[in-house]
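Below is one structure, written out as structure tokens; comments come after it.
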Amino acid sequence: MSRSRRAWVGTSWKMHKTRAEAVAYLAELREWSGTSALDVDIAIFPPFTALATAAAQLNSTAQLSSTAQLTSAHHAPTGEPPSPSLHLGAQNMHWQANGAQTGEISATMLLDCGVSIVELGHYERRQHYGETDHSVNLKASAAVTAGLETVICVGDSEQDRQYAVAPEAVARQVKIAVGGLPPHALASVVLAYEPAWAIGTGGEQAEPAEVEAIHRVIRAALSQSHGPQAAEQVRVVYGGSVDAASAGGYAAQTTVDGLFVGRSGLTATGLIGVIEQFCAAATEAAAELAFLEGSAHDSC
Ligand code: PGA
């Protein structure tokens, strides 16, 4: 498996940060990204209340990648020096364009705030707010139609793992989530494997080999639903208690295209640490692969 897809690292702030805190965080991130030569997509998912402020902060330096500019799964064009691209994301959306949906937000509203990518199906939404495979599919379809990229979260439960049915549980979630999407739309999809048992303060750190096995299952499920060519376009990333210390272990797995981080991305320094560790290890793994296969492979 080559490193043909551009690395992707995202962080959701969940229910954290005021607008002022968002500005301070993004100023630090932007200062770093202005000097970095890493070939990586970075997506930040603030709470809804900070989206417009975050967009203004990123736009003021013209570092925010708009939907139209997204290179999605592809690396920077040859000849141009690579640098990180920053993307603004939202943590959820409703599938309707508008309507009597108290407390909900539509794709149109997100686009209006400068958002280019939306997170769907996170475990916490499935567990506490009634998100289902079907509603994730409705949202994914609406997002794609509106021109938003998506990061779709899937993951096995503690029980799925205990009874060794994680592969089928995850494959089912994947197939329902992307069901009915046109194959070309898969290039704008990031699939995040986030096992329920690894998320949060009580989470257990997943072994890289375990993550690699499920990532293969995810790619196979995408291939079954949309064909191998469309499946190859999807970035499959890992999330669940990842920090700078563990990022390299996941990056060494060539099936891992990036990371989706929670707590360790709550500070810009923490996120930058994860990105740098991931990219360093991914580059090393790609070089090793190239040596073994006698060919060149891209990485961050
Ligand atoms: P965590 O969150 O890194 O804080 O465990 C991960 C996630 O929810 O994506």
Residue 180 passes all but one of the listed conditions (1) more than 16 Å from the ligand (Cβ to nearest atom); (2) part of a helix (DSSP H, G or I); (3) not polar (S, T, N, Q); the exception is number (2)
Residue 142 being over 26 Å from residue 41 (Cβ atoms), hydrophobic (A, V, I, L, M, F, W, C) and surrounded by fewer than 23 Cβ atoms within 10 Å (Cβ to Cβ):
no
Counting only helices (runs of 4 or more DSSP H) wholly inside segment 1-115, the ones holding at least 2 residues that are over 22 Å from residue 144 (Cα atoms) and modelled with pLDDT under 95 are 51-59
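Residue by residue, here is whether (1) surrounded by fewer than 18 Cβ atoms within 10 Å (Cβ to Cβ); (2) of a type outside the set (Gly, Ala, Ser); (3) in contact (Cβ under 8 Å) with a residue 24 or more places away in the chain holds:
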site	(1), (2), (3)
137	no, yes, yes
149	no, yes, yes
163	yes, yes, no
173	no, yes, yes
189	no, yes, yes
203	yes, no, yes
206	no, no, yes
209	yes, no, yes
213	yes, no, yes
Based on this model, can you work out whether residue 252 counts as surrounded by fewer than 19 Cβ atoms within 10 Å (Cβ to Cβ) and in contact with a Cys (Cβ under 9 Å, 6 or more places away or on another chain)?
no
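Residues checked against (1) under 20 Å from residue 279 (Cβ atoms); (2) buried (at least 16 other Cβ atoms within 10 Å of the Cβ):
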site: 24; (1), (2): no, no
site: 27; (1), (2): no, no
site: 30; (1), (2): yes, yes
site: 34; (1), (2): yes, no
site: 39; (1), (2): yes, yes
site: 43; (1), (2): yes, yes
site: 55; (1), (2): no, yes
State all residues of segment 122-176 that are in contact with a helix residue (DSSP H, G or I) (Cβ under 8 Å, 6 or more places away or on another chain), within 16 Å of the ligand (Cβ to nearest atom) and not in a helix (DSSP H, G or I); if no residue qualifies, say none.
131, 150, 152, 153, 154, 155, 156, 157
Report every pair of residues separated by at least 6 positions or lying on different chains whose Cβ atoms are under 6 Å apart, first residue within segment 280-293 and in contact (Cβ under 8 Å) with a residue 12 or more places away in the chain, second small (Gly, Ala, Ser) and assigned to a helix (DSSP H, G or I).
281/248; 281/251; 282/251
Does segment 249-265 include one or more residues that are over 22 Å from residue 161 (Cα atoms), more than 16 Å from the ligand (Cβ to nearest atom) and without any contact (Cβ under 8 Å) to a residue 24 or more places away in the chain?
no
Those residues of segment 277-300 that are part of a helix (DSSP H, G or I) and surrounded by fewer than 19 Cβ atoms within 10 Å (Cβ to Cβ) come to a total of 9
Check whether at least one residue in segment 282-295 is farther than 19 Å from residue 171 by Cα, within 16 Å of the ligand (Cβ to nearest atom) and in contact with a Ser or Thr (Cβ under 9 Å, 6 or more places away or on another chain), and report yes or no.
no
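The values are calculated or read from the model by the stated rules, or taken from the named source; none is laboratory data. Just so it is clear, the model here is predicted, and its values are computed rather than measured. Methodologically, a virtual Cβ is constructed for each residue, glycine included, from the backbone with ideal geometry; neighbour enumeration extends over all protein chains shown.
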